[in-house]
Amino acid sequence: DGGITQSPKYLFRKEGQNVTLSCEQNLNHDAMYWYRQDPGQGLRLIYYSQIVNDFQKGDIAEGYSVSREKKESFPLTVTSAQKNPTAFYLCASKGLAINEQFFGPGTRLTVL
Amino acid sequence: AQSVTQLGSHVSVSEGALVLLRCNYSSSVPPYLFWYVQYPNQGLQLLLKYTTGATLVKGINGFEAEFKKSETSFHLTKPSAHMSDAAEYFCAVSPMNSGGYQKVTFGTGTKLQVIP
């Protein structure tokens, strides 16, 4: 089955630690996205990538970093510079000939 | 520039009653419009979309929405609510595809409660 996987489902981090969230897709989509979801705020774009080895900052990129070394993978690193990292993180992908984004199941990050 | 407003962060309906979730948008170019559903601790699933053509769009699980350009609205309806419809619903807008990156703007969501 084609789809998007995110791991882990739940992640706990101590303050001051970096942590990497995984996102993999086998839909052969060129574009991939990372969103942050907080209660009552909808989805906010962190980073996006339209093609391998290229990515762009979204609306709330501070404290985050990404890489796009393979078409299938778009990992997100939450750095210690992110002041309020506890949130639900969603990865999405989109094909060139498709109008909508497809979402993964999400990772809930909690900073202790 | 584009934006989405969802009226009502929480909506409650009785099982079997009409579901109406409101969405208004603003866009400086012709839009694509979407409704997504999210169940607790899960990702978003596309319910339906408007791109071009017929303004009344039918989606999964008996939902439909009508694009009204004059009212800049894209309200989501379902004639009879089912317990399984309890979830959070997101309206979203993006510019009509011109190739390349397509920014999607999401509303803040409406949580639907279905009362038995």
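When Cβ neighbours within 10 Å are restricted to other protein chains, what is their mean count per residue of peptide B:105-111?
4
Can you give the Rg/Rh ratio of chain B, where Rg is from the C-alpha atoms and Rh is the Kirkwood radius?
Taking Rh as the inverse mean 1/r over Cα pairs, Rg/Rh reads 0.96.
Could you list the square roots of 5 times each eigenvalue of the Cα gyration tensor of the range A:11-112, that is, the equivalent ellipsoid semi-axes, sorted largest first and rounded to whole Å?
Taking √(5λ) for each eigenvalue gives 23, 14, 12 Å, largest first.
Work from the charge dipole of the protein assembly as shown (Cβ charges, +1 for Lys and Arg, -1 for Asp and Glu, about the Cα centre) and give the residue of B:SER12, A:GLN56, A:GLY3 farthest towards its positive end.
The listed residue farthest towards the positive side: A:GLN56.
About the Cα centre of the protein assembly as shown, what is the dipole size in debye to 20, counting +1 per Lys and Arg Cβ and -1 per Asp and Glu Cβ, all else neutral?
260
May I ask you to give the solvent-accessible area per residue for the protein assembly as shown, in square angstrom, as obtained with a 1.4 angstrom probe?
Here the residues of the protein assembly as shown average 47 Å² of exposed surface.
If packing is taken as the average count of other Cβ atoms within 10 Å, what order do B:64-76, A:34-46 fall into, highest mean first?
Taking the mean over residues of other Cβ atoms within 10 Å, the ranking is A:34-46, B:64-76.
Shape call for the range B:1-63 from the C-alpha gyration tensor, a ≥ b ≥ c root eigenvalues: rounded (a/c under 1.5), prolate (a/b greater than b/c) or oblate?
It comes out prolate by the Cα gyration axes.
Probe radius 1.4 Å, ligands and nucleic acids ignored: give me the carbon and sulfur share of the accessible area of the protein assembly as shown as a rounded percent. Don't skip to the answer; put the middle values down first.
Working: 5560 of 10790 Å².
Reported share for carbon and sulfur atoms: 52 percent.
Can you give me the orientation-averaged projected area of the convex hull built on the Cα atoms of the protein assembly as shown, in nm²?
For the Cα atoms of the protein assembly as shown, the hull's average projected area reads 12.7 nm².
Per 0.36 nm of contour for each residue apart, how much would the distance between A:ASN53 and A:LEU27 grow if the chain were fully extended, relative to their Cα-Cα spacing?
7.5 nm
So which of A:LYS71/B:LYS49; A:LYS94/B:LYS68; A:LYS71/B:LYS78; A:LYS9/A:LYS83; A:LYS70/B:LYS58; A:LYS9/B:LYS68 end up more than 32 Å apart, counting from Cα to Cα?
Numbers: A:LYS71/B:LYS49 26 Å; A:LYS94/B:LYS68 26 Å; A:LYS71/B:LYS78 38 Å; A:LYS9/A:LYS83 21 Å; A:LYS70/B:LYS58 36 Å; A:LYS9/B:LYS68 39 Å.
Beyond 32 Å: A:LYS71/B:LYS78; A:LYS70/B:LYS58; A:LYS9/B:LYS68.
The values are calculated or read from the model by the stated rules, or taken from the named source; none is laboratory data. This is a predicted model, so every value here is computed, not measured. Note: ideal-geometry Cβ built from the backbone for every residue, glycine included; neighbour counts use all protein chains shown. To get the accessible areas, we keep the full protein, side chains included, count just its heavy atoms, and leave off ligands, DNA and RNA. Shrake-Rupley method; radii C 1.70, N 1.55, O 1.52, S 1.80 Å.
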